[in-house]
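S.K.: What follows is a single structure, and I will ask about it in a moment.
The values are calculated or read from the model by the stated rules, or taken from the named source; none is laboratory data. Because the structure is a prediction, the values reported are computed rather than measured. So basically every Cβ, Gly included, is an ideal-geometry build from the backbone, and we count neighbours across all protein chains shown. Note: accessible area is taken over every heavy atom of the protein model, side chains too, but ligands, DNA and RNA are not part of it. Shrake-Rupley method; radii C 1.70, N 1.55, O 1.52, S 1.80 Å.
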Amino acid sequence: MSESAFDIEDYLEQHRNKELLRFVTCGSVDDGKSSLIGRILYDTQQVLDDQLEALGRDSRKFGTTGDVPDLALLVDGLQAEREQGITIDVAYRYFTTERRKFIIADCPGHEQYTRNMVTGASTADLALVLVDASSGLQQQTRRHTYLVHLMGIRQLVVAVNKMDLVDYQQHTFDKIEQAYRRFANQLGVEGLTCIPVCALNGANVSRAAEEMPWYEGSTIVECLEQADIDELRSSHQPFRFPIQYVNRSSNDFRGYSGTLASGQVRRGDAVTALPSGKTSSIREIVSYDGSLEQAHAAQSITLRLEDEIDLSRGDWLVHANELPRVAMAFDARMVWMSERPMLPGRQYDLKLTSIDAPVTPEFIHHRVDVNTLEHHPAEQLALNEIGYCRLRSSRELTFDAFDRLPHSGSFILIDRVDNSTVGAGMIVRPVSSDHDDRPEHVTWHEMGISKRARAQQKAQRPTVLWFTGLSGAGKSTVANALEQALFKRGHHSYLLDGDNVRLGLNRDLGFSDDDRVENIRRIGEVSKLMADAGLVVLSAFISPFRADRAMVRELMEDGEFIEIHIDAPLEICEQRDPKGLYAKARAGVINNFTGIDSPYEPPLDPDVVIDTEKLSIDECVDELLVYLKQRGVLIG
Amino acid sequence: MSQSDQSCWTHLQALEAESIHILREVVATAERPVMLYSIGKDSAVMLHLARKAFYPATLPFPLLHVDTTWKFPEMYAQRDKLAAEPGIELLVHTNQEGVRDGVSPMTHGAAVHTDIMKTQALKQALNEHRFDAAFGGARRDEERSRAKERVFSFRDAHHRWDPKQQRPELWNLYNGRVRKGESIRVFPLSNWTELDVWQYIHLEGIEVVPLYLAAPRPVVERDGLLIMRVDERLPLLPGEQPSIESVRFRTLGCYPLSGAVRSDAATLPEIIEEMLRARASERQGRAIDHDESASMEKKKREGYF
């Protein structure tokens, strides 16, 4: 900013139009995370003279960089941790560039602090993962990547730090990047940028590094300035308004205050209240600055309705054509944050949007080992453990699947005795009352030969390729052709086909919504057994509901489930009509036919999309083979 | 600040919406909330946000001013003007024991004065009214130990803050549960920076104490701080002579402890411009933070806001 060219009014105008990006930083103790953050703050001029002076004093007392001011000390806050030389709690930092304001959730990298990582990640749009170039990928790097992925972060920036210690060599960076991408691919991480940096001298932090002319990508700060910001504000998302507070300022004013969790709302919109199901329409969107015509996600507003329907905190307003789930039980991924373990059968208080309700974990489907990503049977969840659990309330709860709408699918559990926050959860699917029984005295037996050993013998990773799409889209055709190609290459696979399964295993099931759920559940379990045998399982079913596909995904270990959307427009499928079923459905001979009188929910974030309208069968197979190699499913 | 334009959701709109969410959450869940009102710029912003959060209703909680009796006259004027507004309930509490014992920054030093007249006074007021949630205008960017402060900061029955007992805060799900005697300090401005605060004051036309704007004022220089001589209670040292200088304040507290900065910034845009060029943080003008860099953490453990 030059003295003469500076115009304060211009600046104010520009500044008021800045966006806000929140990101989380993670890395192990020695990756130089504090130094990197200190460097970012320093380079973006957030460090003032008196702070620099204090830094000079502190560097001499606690520093590790000799005579150079130790930038890490700018961010290491509490006395105790400064003395121990490690960061032990989430700290929030702020900086501004020409384009954006940033909030950093600075997370500790120490082994025991999964809980803090998860806390910091919960509000972030992006994760900055630190890797030490001189020591490569660590167990912790993998664990942190898994955790930020678990928390729904879809943008990752990997800073390969301390490039000075490896003489800025490109091949060292390339090796780390490859190894990281291999691991991230297994998890299904997609938005990934790797940057070679040196926090100590600022190379590729905010300045392009002349030390590494071979690197042509963005610096860290550029990358942060260009990252996507919370897409939930998009108007395509369903409208969710959990009522936080009822404003009764006078006898004739009753307003419902809250923060839009997603989507948008306009004056005059018809709305449905849940769980009651009562309907009304929006009379006014009240704000201190005048009534609004519309409001979108993240805005804190007050709504007045046309009709006097009695609503209270914890009720939701939604649009009738995009309903959330209402159920008394659900399955969720849980992160446990308390010294006292989570015990099935014990009651906790749930906080989900503005809903407060007692819930009881019924059982733990499995626990996830964050180092190997393997699933293990579990009777309880200890501090920092992650598990897939079923929770039940005594009343109906309103929620969404976290993967689709994080703000209305996330919750915390509170200990009823000491009021501490003990767990965080992400809802996967609702559980209806029909198919949720579980045998009480049967436990999973670990076998002598492990799944990995079985798969390695076959030069593959156990995987379920889940083909979903309309009837006639080409699921069975493509899956068949792919299986033949796998067979020719010596891989071991099995194709589960919809019709074949319905003729045998699922002969007792029809096509009602409940039966469809059970159909998919059984197929999921069979797929799981086959994956346990080390096979590549190809499952070709319409599987129209997202929640059911999510249920199968959860049965599998992370990265084992690959969702393949066999995509063709309904008109094309109907023209093809290989089995004459569309004609029968149109004629009313068969009911509940997907695409005609039963909905198909396309995958929101499929691993692969195959467009059978444009590609030949061979092209489809080639594309899938390339993908499977790249993802490490097929070895050699 | 109108929020209707979807194409441009700015950081100030995001911060405003987050703060309003926090304010409403406390009122919806706490039994006896109160807002600490220090008369400073952060309090002014917090109060403005509260008016927005509960519009068209008046504030559903009282304001509490902990009065050390050493504030600037302009601050008392601002406070009394506010107290006269319809719908505002303003409580003022002073530690009478401290007054009786003649505690002052001059005789007892900054640390003792602050402890008795601020920290202890605050505890007395919270206990007396049995408040279970208290809003404060602290921001995480103010000081290093604040960077780890929660939005909902749990205090035990003795108002103590224990960094190890703080509850994890995920998404926007805040846990404000307390047992009898315990309380929560809530910081709706946690994610605001000093620059955000001034930008917002400018945009929203929020009234602040005129001392934030530069004007000729009588000051003496002591221990590197420019102290404004407000009244006779600040004795001049031998040979000391107040000089008239153009100064303003970045933070306001007890006048003998609040250092002014030399400045000609007499309007909000000029303040913001000056801040962009500034090379010192706002707490530098506070005598109380000067001793050692971990002093804030110590004070918080003892119950300071």
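S.K.: Is it the case that some residue within region B:125-141 is in a helix (DSSP H, G or I) and within 14 Å of chain A (Cβ to nearest Cβ)? Before you say what the answer is, go through the steps one by one.
M.R.: Of all residues in region B:125-141, those in a helix (DSSP H, G or I) come to B:125-129, B:140-141.
Within this subset, residues satisfying the condition of being within 14 Å of chain A (Cβ to nearest Cβ) are B:140-141.
Checking region B:125-141: at least one residue is in a helix (DSSP H, G or I) and within 14 Å of chain A (Cβ to nearest Cβ).
S.K.: Continuing with the same structure: Taking the stated definitions as given, is A:PRO242 surrounded by 22 or more Cβ atoms within 10 Å (Cβ to Cβ) and either on the phi < 0 side of the Ramachandran plot or touching a residue at least 40 places away in the same chain (Cβ under 8 Å) (or both)? Spell out how you get there, then give the answer.
M.R.: Numbers: surrounded by 22 or more Cβ atoms within 10 Å (Cβ to Cβ): yes; either on the phi < 0 side of the Ramachandran plot or touching a residue at least 40 places away in the same chain (Cβ under 8 Å) (or both): yes.
Criteria met by A:PRO242.
S.K.: Checking the condition under 23 Å from A:GLN138 (Cα atoms) and open to solvent by 20 Å² or more (accessible area, probe 1.4 Å), which residue from A:GLU374, A:GLU379 passes?
M.R.: Answer to the selection: A:GLU374.
S.K.: Further question: Taking A:GLY217, is it touching a residue at least 24 places away in the same chain (Cβ under 8 Å), surrounded by fewer than 19 Cβ atoms within 10 Å (Cβ to Cβ) and in contact with a strand residue (DSSP E or B) (Cβ under 8 Å, 6 or more places away or on another chain)?
M.R.: The answer is yes for A:GLY217.
S.K.: Does any residue of region B:52-61 turn out to be basic (Lys, Arg) and either over 19 Å from A:ARG313 (Cα atoms) or within 14 Å of chain A (Cβ to nearest Cβ) (or both)?
M.R.: yes
S.K.: Please verify whether B:PHE72 is closer than 30 Å to A:SER420 by Cβ, of a type in the set (A, V, I, L, M, F, W, C) and open to solvent by less than 40 Å² (accessible area, probe 1.4 Å), treating the condition exactly as stated.
M.R.: Taking the combined requirement at face value, the residue does not satisfy it.
S.K.: Do we find that A:GLN45 is modelled with pLDDT of 65 or more and assigned to a loop (DSSP other than H, G, I, E, B) in this structure?
M.R.: When the stated conditions are applied, A:GLN45 passes them.
S.K.: Filter region A:189-220 down to residues that are over 24 Å from the mean Cα position of the chain (by Cα) and not in a loop (DSSP other than H, G, I, E, B) and give me whichever is modelled with the lowest pLDDT.
M.R.: Only one residue tops the list, namely A:ARG207.
S.K.: So if I check each of A:GLY85, A:GLY32, A:GLY38, A:GLY66, which one is at pLDDT 75 or above and at positive phi?
M.R.: Working: A:GLY85 fails: at pLDDT 75 or above; A:GLY38 fails: at positive phi; A:GLY66 fails: at pLDDT 75 or above.
Being at pLDDT 75 or above and at positive phi holds for just one of A:GLY85, A:GLY32, A:GLY38, A:GLY66, which is A:GLY32.
S.K.: A further question follows. Based on what the data block shows, is A:ARG416 within 14 Å of chain B (Cβ to nearest Cβ), touching a Pro at 6+ places or on another chain (Cβ under 8 Å), open to solvent by 20 Å² or more (accessible area, probe 1.4 Å) and modelled with pLDDT under 95?
M.R.: Criteria met by A:ARG416.
S.K.: Specify which of the listed residues (A:SER249, A:SER280, A:SER276) is farther than 27 Å from A:PHE102 by Cβ, modelled with pLDDT of 95 or more and either of a type outside the set (D, E, K, R) or not in a strand (DSSP E or B) (or both).
M.R.: Matching residue, one of A:SER249, A:SER280, A:SER276: A:SER280.
S.K.: Something else about it: Which of the strands (runs of 3 or more DSSP E) found entirely inside region A:91-154 contain at least 1 residues meeting this: among the hydrophobic types (A, V, I, L, M, F, W, C) and facing chain B (nearest Cβ under 9 Å)?
M.R.: A:91-96, A:100-106
S.K.: Looking at region A:497-513, can you tell me whether even one residue there is in contact with a Ser or Thr (Cβ under 8 Å, 6 or more places away or on another chain), open to solvent by less than 40 Å² (accessible area, probe 1.4 Å) and not assigned by TED's automatic domain parsing to the domain that holds A:GLY387?
M.R.: So far as region A:497-513 goes, yes, one or more of its residues are in contact with a Ser or Thr (Cβ under 8 Å, 6 or more places away or on another chain), open to solvent by less than 40 Å² (accessible area, probe 1.4 Å) and not assigned by TED's automatic domain parsing to the domain that holds A:GLY387.
S.K.: Cβ-Cβ below 6 Å, separation at least six or inter-chain, first residue in region B:264-275 and more than 9 Å from chain A (Cβ to nearest Cβ), second part of a helix (DSSP H, G or I) and modelled with pLDDT under 90: which pairs?
M.R.: Short answer, once both residue conditions are applied: B:ALA265/B:GLU274.
S.K.: Tell me, yes or no, whether region A:263-275 has at least one residue that is of a type in the set (Ser, Thr, Tyr), in the same structural domain as A:ARG395 (by TED's automatic domain parsing) and touching a residue at least 12 places away in the same chain (Cβ under 8 Å).
M.R.: No, that holds for no residue.
S.K.: One residue is enough: does region B:157-173 have a residue meeting the conditions in contact with a His (Cβ under 9 Å, 6 or more places away or on another chain) and of a type outside the set (Gly, Ala, Ser)?
M.R.: The answer is yes, given that some residue of region B:157-173 is in contact with a His (Cβ under 9 Å, 6 or more places away or on another chain) and of a type outside the set (Gly, Ala, Ser).
S.K.: Still on this structure, I have one more. Identify, by number, the condition in (1) more than 14 Å from every other protein chain (Cβ to nearest Cβ); (2) over 16 Å from A:THR421 (Cα atoms); (3) not β-branched (Val, Ile, Thr) that A:ALA382 doesn't meet.
M.R.: So A:ALA382 meets the others, but not (2).
S.K.: Still on this model: Can you name the residue in region B:228-247 that is under 17 Å from B:SER263 (Cα atoms) and among the β-branched types (Val, Ile, Thr) and is also surrounded by the fewest Cβ atoms within 10 Å (Cβ to Cβ) among such residues?
M.R.: B:ILE244
S.K.: Also, quick follow-up: Is there any pair linking a residue in region A:558-571 that is at pLDDT below 90 to one that is surrounded by 22 or more Cβ atoms within 10 Å (Cβ to Cβ) and outside any strand (DSSP E or B), with Cβ under 6 Å and at least six apart or on different chains, and which?
M.R.: If the second residue must be surrounded by 22 or more Cβ atoms within 10 Å (Cβ to Cβ) and outside any strand (DSSP E or B), no pairs are left.
S.K.: Check A:PHE411 against each of (1) open to solvent by 30 Å² or more (accessible area, probe 1.4 Å); (2) within 14 Å of another protein chain (Cβ to nearest Cβ); (3) under 19 Å from the mean Cα position of the chain (by Cα) and name the one condition it does not meet.
M.R.: Answer for A:PHE411: the failing condition is (1).
S.K.: What tally of residues in region B:211-241 results from selecting those that are out of contact with any Lys or Arg (no Cβ under 8 Å at 6 or more places or on another chain) and either small (Gly, Ala, Ser) or in the same structural domain as B:ALA30 (by TED's automatic domain parsing) (or both)?
M.R.: 2
S.K.: If you check A:ALA459, A:ALA455, which single one turns out to be open to solvent by 20 Å² or more (accessible area, probe 1.4 Å) and within 31 Å of the chain's Cα centre (by Cα)?
M.R.: A:ALA459
S.K.: Suppose we keep only residues that are free of Cβ contacts under 8 Å to residues at least 40 places away in the same chain and among the polar types (S, T, N, Q) within region B:149-182. Which one would you say is farthest from the other protein chains (Cβ to nearest Cβ)?
M.R.: If we take residues in region B:149-182 being free of Cβ contacts under 8 Å to residues at least 40 places away in the same chain and among the polar types (S, T, N, Q), then B:SER153 is farthest from the other protein chains (Cβ to nearest Cβ).
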